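The values are calculated or read from the model by the stated rules, or taken from the named source; none is laboratory data. Just so it is clear, the structure is predicted and the values come from calculations on it, not from any experiment. Note: ideal-geometry Cβ built from the backbone for every residue, glycine included; neighbour counts use all protein chains shown. Please note that ligands, DNA and RNA were not included when accessible areas were found on the heavy atoms of the full protein model with its side chains. Shrake-Rupley method; radii C 1.70, N 1.55, O 1.52, S 1.80 Å.
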Amino acid sequence: MTTDAERPLLRVRDLKTHFTLKAGGLFSGTRKVLKAVDGVSFDLAPGEVLGIVGESGCGKSTVGRTLTRLEDATGGTAEFDGQEMLSLSKADFRPLRREIQMIFQDPFASLNPRLTIEQTLSEPVRIHGLETTREAIRERIARTLTQVGLDPKVMSRHPHEFSGGQRQRIGIARVMIVEPKLVIADEAVSALDVSIQAQVLNLIKDLQTESGISMLFISHDLGVVRHICDRVAVMYLGRIVETAPRATLFSAPSHPYTKLLLASIPRIRPGRVAAEDRGEPASAAAPPPGCPFHPRCGLATDICRSERPLPVDLGNGQFSACHHAGNQQGEAA
Amino acid sequence: MTQSKPPLLDVRGLSLSIATGGSLMPVVRDLSFSLNASETLGIVGESGCGKSLTSLAIMGLLEGTPVRVTGGEILFEGRDLLTLPARERRRIMGNEMSMIFQEPMTSLNPVYRIGDQIVETIREHQPMSKTAARARAVELLRMVRIPDPQGRIDSYPHQLSGGMRQRVMIAMALAGSPRLLIADEPTTALDVTVQAQILKLIADLQSETGMGIILISHDLGVIAETCDRIAVMYRGRVVESAQTRDLFARMRHPYTRGLLDSIPEPDEDVERLPTIPGRVPGLDERVDGCAFHPRCARASDICREQDPAETAFGGGHAGRCHHPLEPDA
Amino acid sequence: MTPNATVQWFATGRRIFRGRWLATLGLAWLVLVVLAAVFAPLIVPYDPLEIDPVARLTEPGAAHFFGTDHFGRDTFSRSIYGARMAIVIGLGSVVVALLVGGLTGMISAYFTRLGAFLMRVVDVLMAFPALLLALVLMTILERSVMNTVLVIGIVYATTTARILFGMTLKLKNEVFIDAAVCSGAGHASVLFRHILPNLISPLLVQASFIFAFAQLQAAALDFLGLGLPPEVPSWGNMLSESRIYVTRAPWLLLFPGALIILSVFSMNLVGDALRDSIDPRFKNDIKGV
């Protein structure tokens, strides 16, 4: 048996999540397949924070929703702590729900408006049998609320009595109360105002450091990702195009799409070289053949238009799914 | 600077309130700024600071909302829009000034072709034959850099991407050749690569037409890159305003500083993000003195008692703070 | 009920009925009907079933406020007991319709494969006009209060199922449902702890409309001689019996008819007020039965 230090907590291989869309006329039942996630592989080490970035429709949220079994995978495997979990029945997966938790984007939609905070927070505790007596449950809720920076007295209130930032703290409390091993944060701070976003971001970072939780941090905001992640995976049209440690990704991005993304962010301090106008991504329902990025890529050659590039190891943990990645860096590993 | 010609837009002491059950809750207080042709003013602030209400007030779009103008004047080329007869005002709106919104807010009508919608907008403002209006629509689509405008004009909105739809919205806003364009979070719903394209388009259109632009956004990066001047709003007040360069070189208001510091940037590593403690007080919560004092590290007794007046820091840089930061800070 | 909850109920009531004079009048009428039903034995001057051949078809007057029918039974007393039947039929139908229809709708929306089948059954049932469906079912069953309630309940269960199907589909996709699933909530918990409480106010509105339409449906069945047993003093039965004597004793038609119209109208007004006060998300789903 391998030791914990060697074995990744989460090992995803060739994950595919396809959706069937009804298309066409009233009576012609033609169906289109939307390949939201189409062959995604990555490892997540214990205690690591992996960022998944990309633009809307790239499939980053679907990766998170598939790994929490909110969507059904079409193919591929995901081993959590050595156990394949995508093939488990929903019932067999339930115990794992305690270990794998999710923070949602919209703090206004993710809390049941009819339940008090105590009712919302007690649910996972009761379901997973973490405490048995009412007193113990309340005590645990109080402890968790304090942990996320809220007064335990708020537990008798309903969600509408809280601001967006406070609600997101409650959402984080619901995750932390079961002491999970893996947290998937899907745009966890995107709906918040800048000053509140910083507070919640610090809270997530603190909780992660203290508890050593592994985290999949899904976001479209590269600034946020740089702040919180150890490693970053960039997704484009259902695939990971580049993976690299944080420092490398931001200082020496390899994939042309990563470069375009970084060049497109408006900066507060002057000095950005404006990105070229490269059009918009194709629809995931009709991705271009070969490399999905080739229609927007300045380096595209014939091979890009016909053949799907595989990840190239550029050393130091950097992988780039680009036919020209090796040449560009001068030396392929 | 010559005084002969009035600025394109001059807002003086504008105050807005929300009418709720008989009482008036102030949401924008004593707001003043001006804008010249070919100039871009950025208004930045967090949700609830009053930046969007201000733009709606300028456009005269508050009718039917519980928000009332309770004071001040809005001078467009020297004429006060607030005292203008309704008919005259409607003529100015849409022709001489127009507005674009965050895309989902006023998306296009899904059952009509975009060409028909643009033609309708054109003919609302200028009497013109359908053929002429259609030719003008193609021209507008070309202006906003939509490839193959002849072909795209007969598309339905759902056949276009988010970025293309926003381009169509901009084309419609340009139909009356406005001298003032108000853009309220025009790229917030768009992806970052598309956002860069739309911002560049707006800047290009400005240098082609010489229109004045008010860009409203919560994103300091967007504001910093596109605007000549910036006004930072907090709870219904402009707390600091300056030329863009000036503002980022010498921030004087603690809120502006705090806002900037709390943004995680893609170009730098920060161990821990500095934050502004607390949250923006609700509209129904009364705060005496400076509205920012409950969250301000520099607050003293005077801040709790007295609302700071506007202080000029020189070079068009002004702010409302009893204890402004040192210029070198 | 704690005093606090009572206060809250009162406040909610005020919010719903404030400035709606017609609805308030409607509510007042319904309260009167309920009081009459509850205290019927104390109010009535005669036994509603007592036959008095001497006083057959007496005009309304001091002895008989609403006159008497062809058996000499006191119309006023029968009308008061009729209120009882109205409440029983109304409440019974609401319970049956909400239980059967509500569960069908919710479960169909939640378990999509089973739902595809169940909702087709509902569609078939809805293809029949409500009264025709009730008639068919009643001809199979025996005439009794129980069966009338059951049949009317089933008829309105179809529309209830359709409405709840749509609303549950919407709620099912709410983020807080995903969050509950991630917390480990099972099907029953998601359905009854997370979805159902968010359906309470639309269900209440639905109930008020079913209550009203059940009256009409019951009256129609009674009138056609397929509803309650003939001896039961219900407004519909009274109406049915009156038709032969309508020229000689118009009061026999007038009073029960007026009671039915007033009550149904009142319930609809109250239902409208309830509907206007609820969650705007569901306003378009509920358009009356």
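The distance between label points at C:Leu204 and B:Gln243 comes to 6.2 nm (points 7 Å beyond Cα on the Cα→Cβ vector). By a 1.4 Å probe calculation restricted to protein chains, A:Cys229 has an accessible surface near 0 Å², given to the nearest 10.
Can you list, largest first and rounded to whole Å, the semi-axes you get for chain C by taking the square root of 5 times each eigenvalue of its Cα gyration tensor? Please report the intermediate quantities before stating the final value.
Working: eigenvalues 322, 104, 41 Å².
Over the Cα atoms of chain C, the ellipsoid semi-axes are 40, 23, 14 Å.
Taking a point 7 Å from the Cα of B:Arg298 along the Cα-to-Cβ direction, the residues of segment B:214-252 with backbone N closer than 14 Å to it are B:239-241, B:250-252. Count Lys and Arg as plus one, Asp and Glu as minus one, and take only other residues whose Cβ is under 13 Å from that of C:Leu135; the net charge is then 0. In a fully extended conformation the segment linking B:Gln126 and B:Gln306 would gain 59.7 nm over its present Cα-Cα distance, using 0.36 nm per residue.
Per residue of A:104-113, how many C-beta atoms from partner chains lie within 10 Å of its own C-beta, taken as a mean? Intermediate results must be reported in sequence, preceding the final value.
Working: counts 5, 1, 3, 1, 2, 6, 8, 3, 12, 5.
Mean shielding by partner chains, rounded to a whole number: 5.
Counting only protein heavy atoms and using a 1.4 Å probe, the accessible area of A:Glu118 comes to about 40 Å². Each Lys and Arg contributes +1 and each Asp and Glu -1, all at the Cβ; summed about the Cα centre of segment C:151-289, the dipole is approximately 220 debye.
Here the simple spin-label model places points 7 Å from the Cα toward Cβ, and for B:Ser34 and B:Leu325 these points are separated by 2.9 nm. In whole angstrom, chain A maps to an equivalent ellipsoid with semi-axes of 36, 23, 21, each derived as √(5λ) from the alpha carbon gyration tensor and ordered largest first. The residues C:Leu226, C:Leu114, sorted by heavy-atom accessible surface at 1.4 Å with ligands and nucleic acids left out, run C:Leu114, C:Leu226 from largest to smallest. Relative to the dominant Cα principal axis of chain C, helix C:112-126 is inclined by about 20°.
Note down the net charge around A:Glu161, summing +1 for each Lys or Arg and -1 for each Asp or Glu among other residues with Cβ under 15 Å from its Cβ. Please report the intermediate quantities before stating the final value.
Details: positive: A:Arg114, A:Lys153, A:Arg157, A:Arg167, A:Arg169, B:Arg279; negative: A:Glu118, A:Asp151, B:Asp284, B:Glu285.
Overall, the nearby charge balance is +2.
Modelled spin-label separation between C:Leu42 and C:Val54, with each label point placed 7 Å from Cα along the Cα-to-Cβ direction: 3.1 nm.
Contact with the other protein chains removes 10 Å² or more of accessible area, compared with the isolated chain and a 1.4 Å probe, from these residues of segment A:41-68: A:Glu55, A:Ser56, A:Arg65.
Couplings 3J(HN,Hα) for segment A:79-86, derived from phi with the Karplus relation 6.51 cos²θ - 1.76 cosθ + 1.60 (θ = phi - 60°), are 9, 10, 6, x, 10, 5, 10, 6 Hz, where x marks Gly and Pro.
Taking a spot 7 Å from the Cα of C:Leu132 along the direction of its beta carbon, which residues of segment C:207-246 have an amide N less than 17 Å from it? Inside the label zone: C:221. Scaling against 2.2 N^0.38 Å puts the C-alpha radius of gyration of chain B at 1.05. Taken about its Cα centre, segment A:253-333 carries a charge dipole of roughly 340 debye when the Cβ of each Lys and Arg holds +1 and the Cβ of each Asp and Glu holds -1. Using every pair of separate Cα atoms, the Kirkwood estimate puts the hydrodynamic radius of segment A:253-333 at 13.9 angstrom. Surface calculation, 1.4 Å probe, protein heavy atoms: C:Met267 sits at approximately 20 Å² accessible. Buried on complex formation within segment C:151-191 (loss of at least 30 square angstrom of accessible surface versus the isolated chain, 1.4 Å probe, ligands and nucleic acids ignored): C:Val175, C:Phe176, C:Asp178, C:Ala179, C:Val181, C:Cys182, C:Ser183, C:Gly184.
Mind putting a number on the dipole of segment B:2-136 about its Cα centre? Charges go on the C-beta only, +1 for Lys and Arg and -1 for Asp and Glu, and I need it in Debye to the nearest 20.
So the dipole magnitude of segment B:2-136 works out to roughly 400 debye.
Among A:Ser190, A:Val241, A:His158, which residue has its Cα positioned farthest towards the positive end of the charge dipole of chain A, with +1 placed on the Cβ of Lys and Arg, -1 on the Cβ of Asp and Glu, and the dipole taken about the Cα centre? Sorting the options by dipole projection puts first A:His158. Across segment B:18-144 the C-alpha pair distances fall into 10 Å bins from zero in the proportions 9, 33, 34, 19, 4, 0 percent.
Counting only protein heavy atoms and a 1.4 Å probe, tell me what percentage of chain C's accessible area is made up of carbon and sulfur. Percent of accessible area from carbon and sulfur atoms in chain C: 72.
Would you be so kind as to list the residues of segment A:181-227 that have their accessible area lowered by at least 40 Å² in the full protein complex compared with their chain by itself (1.4 Å probe)? Hits at the 40 Å² cut-off: A:Asp193, A:Val194, A:Ser195, A:Ala198, A:Gln199, A:Asn202, A:Gly223, A:Arg226, A:His227. Legend: residue pairs A:Lys153/A:Lys205; A:Lys60/A:Lys259; A:Lys16/A:Lys60; A:Lys181/A:Lys205, Cα-Cα distance threshold 20 Å; pairs beyond threshold, A:Lys153/A:Lys205. In this structure, B:Arg257 and A:Glu276 have a Cβ-Cβ separation that, at R0 = 22 Å, corresponds to a calculated FRET efficiency of about 0.05.
Heavy atoms of the protein chains alone define the surface here; on that basis chain A has 42 Å² accessible area per residue at 1.4 Å probe size.
I'd like the orientation of helix A:134-147 relative to chain A: the angle between its Cα long axis and the longest Cα principal axis, in ° from 0 to 90, rounded to 10. The answer is roughly 50 degrees. Excluding ligands, DNA and RNA and using a 1.4 Å probe, chains C and A jointly bury around 1700 Å² of accessible surface, summed across both partners.
Radius of gyration over Kirkwood radius for segment C:211-270, both on Cα atoms: the Rg/Rh ratio is 0.99.
Relative protection proxy for A:31-41, A:147-157, from highest mean packing down: A:31-41, A:147-157 (other beta-carbon atoms within 10 angstrom).
Step by step: find N for the protein assembly as shown, compute 2.2 N^0.38 Å, then divide the Cα radius of gyration by it. What's the final number?
Working: Rg = 34.0 Å, N = 951, 2.2 N^0.38 = 29.8 Å.
That works out to 1.14 for the protein assembly as shown.
With protein chains left intact and a 1.4 Å probe, residues in chain C average 48 Å² of accessible area per residue.
Ordering B:Met128, C:Met119, C:Met126 by how much accessible area each has at a 1.4 Å probe, largest first, what is the list?
On the way: B:Met128 55, C:Met119 5, C:Met126 75 Å².
Greatest to least solvent exposure: C:Met126, B:Met128, C:Met119.
Taking Cα atoms only, the orientation of helix C:200-223 departs from the longest principal axis of chain C by about 30 degrees.
Leaving ligands and nucleic acids out of the surface, order C:Leu141, C:Leu254 by accessible area at 1.4 Å, largest first. Intermediate values should be presented prior to the final figure.
On the way: C:Leu141 75, C:Leu254 110 Å².
Highest to lowest solvent-accessible surface, that is C:Leu254, C:Leu141.
Straight-line reach from A:Lys22: taking Cα to Cα under 19 Å and skipping same-chain neighbours fewer than 8 places apart, the aspartates and glutamates in range are A:Glu71, A:Asp72. A Förster radius of 45 Å combined with the Cβ-Cβ distance from A:Ala286 to B:Ala86 puts the calculated FRET efficiency at roughly 0.35. The distance linking segment C:42-114 with segment C:131-154 is 16 Å (Cα centroid to Cα centroid, whole angstrom). Extents of segment B:257-329, taken as max minus min of Cα coordinates on every principal axis and listed largest first, are 39, 35, 20 Å.
For C:Ile195, what charge total do you get from the other residues with a beta carbon under 11 Å from its beta carbon, if Lys and Arg give +1 and Asp and Glu give -1? Each step should come with its number before you reach the end.
Numbers: positive: A:Arg114, C:Lys170, C:Lys172, C:Arg193; negative: C:Glu174.
Once positives and negatives cancel, what remains is +3.
Which residues in segment B:112-147 have a backbone N closer than 12 Å to a point placed 7 Å from the Cα of B:Tyr156 along the Cα-to-Cβ line? Within reach of a label on B:Tyr156: B:112-114. Computed from backbone phi, the HN-Hα couplings of segment B:218-233 come to 8, 9, 4, x, 4, 4, 4, 7, 10, 9, 7, 10, 10, 10, 9, 10 Hz, rounded to whole numbers (Karplus: 6.51 cos²θ - 1.76 cosθ + 1.60, θ = phi - 60°; Gly and Pro given as x). On association of chains B and A, roughly 3400 Å² of accessible area becomes buried (total for both chains; probe 1.4 Å).
Treating r as the C-beta distance of C:Phe10 and C:Asp276 and R0 as 25 Å, the FRET efficiency rounds to 0.85.
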